[in-house]
Amino acid sequence: MNHPNTPPVSRSSALNAARRARELDQLSDGAVVDVLVIGGGVTGVGVALDAASRGLDVVLVEKRDLAFGTSRWSSKLAHGGLRYLASGNVGIARESAVERGILMTRTAPHLVRALPQLVPVLDSTTLFGKSLVRTGFLAGDLLRASARTPSSVLPRSRTVRADRVVELAPAVRREGLRGGLMAYDGQLIDDARLVVSLARTAALHGAKVLTRTGAYDVTGTSATLRDELTGSELPIRARAVVNAAGVWSGEIDPGITLRPSRGTHLVLPAERLGNPTAALTVPIPGETNRFVFALPAQLGRVYLGLTDEAAPGPVPDVPVASEQEIDFLLDTVNTALEVPLQRSDVLGTFAGLRPLLDTGDGSTADLSRNHAILRSDTGLVSVVGGKLTTYRKMAEDAVDAAVEVAGLDAGPCRTRALPLVGAATPEALRKVSVPPALLARYGTEATLIAAADPELLAPIAEGVDVSRAEFEFAVTHEGALDVDDLLDRRTRIGLVPADRARARGAAEAVFEKR
């Protein structure tokens, strides 16, 4: 059932406390490693996988947990780059489309699905506005074709009748509804799940992936590692060091200046919006080519986003949505809804900081989403900027730079066609007899969870579609070390505080027996 070329599932892909302790101990022998990667977000684990799959000896350290920072706060979309095309940045638009296609057809087809994005055409929609959206969608079709992503994977854009709009997005305003414009993009089941899958695949190829391990006094060839659980420290020497710390990159290399911008989402009950199957896409009044999206998500939720607000000052561990952003998102989506959303409908909020390079004046919305590879005076390689969809290309460029700086003997990049753990073709996935929610979250590895004791397969709390077996798997295979890891990153229960409170007892019980 595995995707072609996928290594068989084995304990060598499993991340857990015992493996972490063993591999930390192994580093105490003082041997020089090829590449030290700092940061356990999507870019860092992508770098670790790229380097390890080229045959290099790799250590990745993350001060907190996998996907602790920006990587868990995205819209959970594998964007095709349409917005960047509209702003004239053809290069990043095509790069995004290419990387989306790689995710959907080769590396993670089990974690990414085609999502219809639906723009309702109302009486208030101007002919110019409709033409602009239609032209953009047709340009998106050309991007998809140029990236060689088949229409069987991402269907072509189209116009749809009013009754079809209501079927796909039942909460849409009926009065004056004349139809809709629909295009398709890629949607991740979850961004943090992609990060964990990348980390485990890197481990499968020999990388040491060490969470709760900080890096201090970093140079281009060395660092001091601290076990954040015990406080013990050890020096590490590396032929190359890659800084992939995201919005914290400037703490590793003070020569880097970022202008983070905050992107906020609201979490809503899907039933309040009629359990939509398409992303309701609403133009922002007074803006060109900017929209608010109501995205159907797992666990009976809809994510409503996205904002783009400057976020100066110290970088918080967990960014917080502002009251103005909440009002803005509700006010914008309500222009297209039959029954307006109220504050009381909001189950939770989440916000992430984009690690944008400071390129001068202008709003953060105008700053480039291109990534950059920087080198410090000590030879430290930093990868900054970019976005989740293009993590693989960012990682490839970073490893190329590290290989060049250190003169490493490395093979060619393999990640364009390297499936992640659990990956399989859609045809193979359809033959896996497990509940659909498990299949969407774990791919072929869902069979490992489904084979657990039946008592462990029941939901951990009423209305929360996560089982005790998934908690157990997160601890034995996915590197979860505490309750927060389980609730906030391995599952996304914690995005709704009420659900988090109800599930906490079950999460604590997993660790009590250990």
To make sure I understand the rule: partners must be lysines, Cα under 27 Å from the Cα of residue 63, and not fewer than 8 residues away in the same chain. Which ones qualify? 76, 208, 387, 393, 513
Using a simple charge model, +1 on the beta-carbon of Lys and Arg, -1 on the beta-carbon of Asp and Glu, nothing else, what dipole does region 398-514 show about its Cα centre, in debye to the nearest 20? 300 debye
Before rounding to the nearest 500, sum -39500 (n - 2.57) across all DSSP H runs of length at least 4 in the chain and divide by the residue total; then give [θ] at 222 nm in deg cm²/dmol. -9000 deg cm²/dmol
Using only the Cα atoms of region 280-365, construct the convex hull and provide its projected area averaged over every direction, in square nanometres to one decimal. 7.2 nm²
Out of 214, 170, 250 - ranked by how far each Cα lies towards the positive end of the dipole of the chain, with unit charges on the beta-carbon of charged residues - the top one is 170
Identify, among 75, 405, 426, the residue whose Cα sits farthest towards the positive end of the charge dipole of the chain, taking +1 on the Cβ of Lys and Arg and -1 on the Cβ of Asp and Glu, with the dipole about the Cα centre. 426
How high is the relative contact order of the chain, in percent, with contacts defined as C-alpha pairs under 8 Å that are six or more residues apart? 23 percent
On the accessible surface of the chain, probed at 1.4 Å, how many percent belong to carbon and sulfur atoms? 52 percent
Which of 189, 97, 491, positive extreme of dipole for the chain (C-beta unit charges): 97
In whole Å, what are the Cα extents of the chain along the three principal axes, biggest one first? 72, 56, 44
Leaving out ligands and nucleic acids, and using a 1.4 Å probe, what accessible area per residue does the chain come to in Å²? 39 Å²
Cα-centre dipole for the chain with unit charges at Cβ (Lys and Arg positive, Asp and Glu negative), debye to 20: 1580 debye
Rounded Å value of the spacing that divides the Cα centres of region 283-321 and region 479-514: 25 Å
Within region 454-514: Cβ-based charge dipole about Cα centre, in debye rounded to nearest 20 (Lys, Arg +1; Asp, Glu -1): 60 debye
Under 1.5 on a/c is rounded, so check that first for region 46-94, then, if it is not, pick prolate when a/b is larger than b/c and oblate when it is not; a ≥ b ≥ c are the square roots of the alpha carbon gyration tensor eigenvalues. oblate
Any idea what the relative contact order of region 177-254 is, in percent, if you count C-alpha pairs under 8 Å spaced at least 6 apart? 16 percent
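The values are calculated or read from the model by the stated rules, or taken from the named source; none is laboratory data. What you see is a predicted model, and the numbers here were worked out from it, not measured in a lab. Every residue, glycine as well, gets a Cβ built from its backbone with ideal geometry; the counts of neighbours run over all protein chains shown. In case anyone asks, the SASA skips ligands and DNA or RNA and just uses the protein heavy atoms, side chains included. Shrake-Rupley method; radii C 1.70, N 1.55, O 1.52, S 1.80 Å.
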